[in-house]
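Undergrad: First the structure, then my questions, so here it is.
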Amino acid sequence: MSSAVTDFFSTLRTEFSGAGLERVTSLRRTQVKKDDESFVTQGDLLVQDIIMNSAECLLDSPMIVSEELHQTRQAPEPSGRVVVIDPIDGTENFVCGLPIWGISVCCYLDGQHEASLLGCPELGWWASSREVMETRYESRVRGLSSSLTKEEILAATKGFEYRVFGCCVFNMLSTIRGSLCSFENPKGAWPWDILAGLNLALEAGLSVFVEDKKYAGEYLSPDRRYRFKIGL
């Protein structure tokens with residue numbers, strides 16, 4: 001991981017703590033519905049602006065792929081540095097005042113994974129490349145995506161117990177630290193939801209599958225959803 005990316009991640013952790021975090025959470029009640037009936041808030045857009053401005057200053061104007069930048073969904077195969085971001089993952093939770101929401105940032109350089117950052121700012125949870133969360137537990141609880149129907153939940157991997165938290169970042173961080181034994185979405189999620197988590201899971205020594213194939217850190221095109229599972 002380059003010193004520029006290290007500085008970028010350090011800047012984001014600072015921006016989304018203290019007064020910066022309060023500024024973001026003050027925008028919880030600014031939600032509007034998007035075409036797919038999901039919410040976006042001024043908080044999402046503020047987080048996106050902060051990440052984009054920091055990336056442009058510290059990483060020399062990379063290509064940005066973001067959930068809230070619709071023109072990037074048809075982005076070509078990456079060249080140079082690409083930063084894939086989900087400004088607020090779990091916006092429904094954010095709007096409801098729940099602290100279970102997250103930020104996802106994944107950097108690629110010439111098509112190869114360079115570094116990733118995941119954070120749940122209100123919980124004080126952060127993990128980044130070469131600095132994965134240290135706390136480990138032994139769990140038999142499996143995490144499932146909140147996008148699943150009842151029938152899809154019943155068809156998911158068999159296990160002792162399940163949890164549905166409504167935030168991919170939280171689920172992935174929980175699996176990396178061992179609080180969940182696995183997390184899966186057999187329906188599919190967008191690359192900005194999962195790229196950082198998939199790569200940090202790899203770095204933590206977890207098994208990672210995308211579309212039922214072993215994942216090895218490759219860039220995922222932003223024009224489609226991907227089924228995935230991470231776990232021990």
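Undergrad: I'd like to check one number: the per residue accessible area of region 1-65, probe 1.4 Å, reported in Å² as a whole number.
TA: 54 Å²
Undergrad: So if we plug the beta-carbon distance of ARG163 and SER26 into 1/(1 + (r/R0)^6) with R0 = 35 Å, what FRET efficiency do we get, rounded to 0.05?
TA: The value I calculate is 0.75.
Undergrad: Further question on the same structure: Given only helices, namely DSSP H runs of n ≥ 4 each adding -39500 (n - 2.57), what is the per-residue ellipticity at 222 nm of the chain, to the nearest 500 deg cm²/dmol?
TA: -9000 deg cm²/dmol
Undergrad: In addition: Please list, ordered by chain and number, the residues whose modelled amide H lies under 5 Å from the amide H of VAL208; skip anything fewer than 5 residues away on the same chain.
TA: Excluding prolines and chain starts, which carry no amide H, the hits are TYR215.
Undergrad: What FRET efficiency do you get for SER146 and LYS34 if R0 is 22 Å and r is their Cβ-Cβ distance, rounded to the nearest 0.05?
TA: My answer for the efficiency is 0.85.
Undergrad: If a/c stays under 1.5 just call it rounded; otherwise compare a/b with b/c (prolate if a/b is bigger, oblate if not). Do that for region 1-136, with a ≥ b ≥ c from the square roots of the Cα gyration tensor eigenvalues. Numbers along the way, then the final one.
TA: Details: a/c = 1.82, a/b = 1.23, b/c = 1.48.
Oblate, because a/c is 1.5 or more while a/b does not exceed b/c.
Undergrad: A further question follows. Answer rounded, prolate or oblate for the chain, using the Cα gyration tensor with square roots of eigenvalues a ≥ b ≥ c: rounded when a/c is under 1.5, else prolate when a/b is larger than b/c, else oblate. Can you show the working numbers first?
TA: Working: a/c = 1.36, a/b = 1.19, b/c = 1.14.
It comes out rounded by the Cα gyration axes.
Undergrad: Then there is this: Just the accessible area per residue of region 173-232, please: how many Å² with a 1.4 Å probe?
TA: I get 36 Å² per residue for region 173-232.
Undergrad: Okay, moving on. So what are the ³J(HN,Hα) numbers for region 175-185, from phi and the Karplus equation (6.51, -1.76, 1.60; θ = phi - 60°), rounded to whole Hz, Gly and Pro as x?
TA: Going residue by residue, I get 6, 4, 8, x, 6, 10, 7, 6, 9, 9, 9 Hz, with x marking Gly and Pro.
Undergrad: Here's something else I'd like to know. Rounded to the nearest 5, what % of DSSP beta bridges with both residues in region 99-232 are antiparallel?
TA: Expressed as a percentage, antiparallel bridges in region 99-232 total about 80.
Undergrad: Okay, next question. Quick one: dipole size for region 1-154, taken about the Cα centre, charges +1 on Lys/Arg Cβ and -1 on Asp/Glu Cβ, in debye to the nearest 20. Spell out each step's value before the answer.
TA: On the way: 13 positive and 24 negative charges, 81 e Å.
Roughly 380 debye, rounded to the nearest 20.
Undergrad: Continuing with the same structure: Please name whichever of PHE170, ILE103, LEU118 sits farthest to the positive end of the charge dipole of the chain, dipole taken about the Cα centre and charges placed at Cβ: Lys and Arg +1, Asp and Glu -1.
TA: Checking the options against the dipole of the chain, the answer is PHE170.
Undergrad: Residues with amide H under 5 Å of TYR162's amide H, sequence separation 5 or more or different chain, H placed in the peptide plane at 1.01 Å from N; which?
TA: ARG142
Undergrad: Okay, next question. Cα gyration tensor of region 98-176, axes a ≥ b ≥ c as square roots of the eigenvalues: rounded (a/c below 1.5), prolate (a/b > b/c) or oblate?
TA: Numbers: a/c = 1.87, a/b = 1.61, b/c = 1.16.
Prolate, since a/c reaches 1.5 and a/b exceeds b/c.
Undergrad: Percent of accessible area on the chain owned by carbon and sulfur, 1.4 Å probe? Present the calculation step by step, with values, prior to reporting the outcome.
TA: Working: 5220 of 10760 Å².
The value for the chain is 49 percent carbon and sulfur by accessible area.
Undergrad: Points 7 angstrom from Cα along the Cβ direction at ASP110 and ALA19: gap in nanometres?
TA: 4.2 nm
The values are calculated or read from the model by the stated rules, or taken from the named source; none is laboratory data. Please read all numbers here as calculations on a predicted model, not as lab measurements. Backbone-built Cβ (ideal geometry, glycine too); neighbour counts: all protein chains shown. All accessible areas refer to the heavy atoms of the entire protein, side chains included, with ligands and DNA or RNA removed. Shrake-Rupley method; radii C 1.70, N 1.55, O 1.52, S 1.80 Å.
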